[in-house]
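A short worksheet on the structure shown next.
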Amino acid sequence: MVELDHPFSTDKSLEESWQAILDLERLVPCVEGGSVIEQTGPESVKAQIKIKMGAMSLTYEGTVTVVEQDPDAHRAVLRVKSRETRGQGHANADVIFSLADGGGTIHTAAQITGKAASMGEGVMVSVLDALITGFTHNLAHI
């Protein structure tokens, strides 16, 4: 299990940020290599992400679902469940958004197996960290 915390800031209103994180069709493409394949329910999408880890390129497909939301506290939990498209590995994560005026924090608890995990925890953590850092930058602009 890899756990990471990332603060982010935005000039959007708290309400605009709240709506953005609940709009999965806008949110998922904020992750570099991420795309929505189809909406599968009011709070879930089938998604794909293509990740480069050194010379290796991996593609994961799965679901992103809003599993908890507390509008008063501006806190939401998204669950990601995905599998390598060409392999046995998976990448699952719970992503907790806690919003405040001017930004908030993102807590990611990820479980990764397969080829990505075989690269070693250091490489995996740095790739995940870079993905989330890029995501927080993009999130401020949607």
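Values in this text are rule-based calculations from the coordinates and carry no lab data. Everything quoted here is computed from the prediction, not taken from an experiment. Don't worry about glycine lacking a Cβ; one is built from the backbone with ideal geometry, like all the others, and counts go over all protein chains shown.
Worth a mention:
- Theoretical gain in end-to-end length, residue 63 to residue 109 [0.36 nm per residue, Cα-Cα removed]: 15.0 nm
- For the stretch 1-104, the list of trypsin sites (Lys or Arg not before Pro) that fall in a loop by DSSP and count at most 16 other C-beta atoms within 10 angstrom reads 86.
- Once the Cα-Cα distance is subtracted from the 0.36 nm per residue extended length, the residue 19 to residue 44 segment shows a gain of 7.5 nm.
- Under 24 Å of direct C-alpha separation, and excluding same-chain neighbours fewer than eight residues apart, residue 50 reaches these lysines: 81, 115.
- Computed on the stretch 1-76, with alpha-carbon pairs under 8 angstrom and 6+ residues apart, the relative contact order is 19 percent.
- Mean separation of Cα contacts under 8 Å, 6 or more apart, over the residue count of the chain: relative contact order %: 29 percent
- Take every Cα pair under 8 Å whose residues are at least 6 apart in sequence, average their separation, divide by the length of the stretch 62-120, and the relative contact order is 26 percent.
- Stretch gain in nm, segment residue 35-residue 88, where the contour uses 0.36 nm per residue and the Cα spacing is subtracted: 17.0 nm
- Per residue, the chain reaches -7000 deg cm²/dmol at 222 nm when only DSSP H runs of four or more residues are counted, each adding -39500 (n - 2.57).
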